[in-house]
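Here the structure is laid out as structure tokens; the discussion comes afterwards.
Where a number appears in this text, it was derived from the coordinates with a stated rule and is not lab data. Everything numeric here is computed off the predicted structure, so don't read it as measured data. Reconstructed Cβ throughout: ideal geometry from the backbone, glycine too, with neighbour counts over all protein chains shown.
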Amino acid sequence: MSIRARKIADLLKREISDIIRREMKDPRVGFVTITQVKLTDDLKYAKVYVSVLPSAGDADASLAGLNHAKEFFRSELKSRVSLRYIPVLAFFIDDTLDYVEKIEQLIAKIKGEEK
């Protein structure tokens with residue numbers, strides 16, 4: 001990813017987080033954290049990865065609420081950032097932490113079997 005794309009991704013991450021925190025009224029969206037934004041090389045599409053606290057509700061419901069509000073996010077971003085083109089957003093659950101936990105459990109199991 002180019003330096004420009006990284007800067008725009010960081011900007012989008014900050015602004016989307018702020019929009020979720022201050023503007024979102026959808027009850028399906030629990031406590032979500034934007035973990036990463038990945039832009040295509042042409043800066044027209046953005047994958048937004050989110051993490052949802054287990055105690056904050058159903059991750060699938062939060063994801064559905066965020067994806068339902070994609071155009072709302074784009075319109076808010078249009079007024080907040082000065083970009084020629086606001087990327088099309090798609091929200092995804094970031095399962096990196098689940099993957100790391102699974103790997104750690106497998107390593108612990110292997111170490112337990114060695115002893």
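For Glu114 paired with Leu83, estimate the spin-label separation in nm (one decimal), with each label point 7 Å from Cα along the Cα-to-Cβ line.
Each label point lies 7 Å from its Cα, and together they span 4.6 nm.
Round to the nearest 10 and give me the degree value, 0 to 90, for the angle of helix 96-114's Cα axis relative to the longest principal axis of the chain.
With both axes taken from Cα atoms, the answer is about 10 degrees.
Quick one: putting +1 on the C-beta of Lys and Arg, -1 on the C-beta of Asp and Glu, what dipole do you get for the stretch 26-72 around its Cα centre, in Debye to the nearest 20?
Approximately 80 debye in magnitude.
Please get the size of the charge dipole for the chain, origin at its Cα centre, with Cβ charges of +1 on Lys and Arg and -1 on Asp and Glu, quoted in debye to the nearest 20.
The calculated dipole for the chain is roughly 580 debye.
Within the stretch 3-114, how many Lys pairs that are eight or more residues apart, or on different chains, come under 26 Å at the alpha-carbon?
26
Nearest 500 deg cm²/dmol is fine: what mean residue ellipticity at 222 nm does the chain get from its DSSP H runs of n ≥ 4 alone, each adding -39,500 (n - 2.57), divided by its residue count? Write out the running numbers ahead of the final one.
Values: 4 runs with 60 residues, N = 115.
That comes out to -17000 deg cm²/dmol.
If I fit a long axis through the Cα atoms of helix 70-80 and take the longest principal axis of the Cα atoms of the chain, what angle between them do I get, 0 to 90°, rounded to 10?
The two axes meet at around 60 degrees.
With Cβ to Cβ distances under 14 Å as the rule, what net charge do the other residues near Ala61 carry (K, R +1; D, E -1)?
Result for the local shell: -2.
Of Val37, Gln105, Ala64, which is farthest on the positive side of the dipole of the stretch 3-114, counting Cα position, with +1 on Lys and Arg Cβ, -1 on Asp and Glu Cβ, and the Cα centre as origin?
Of the options given, the answer is Val37.
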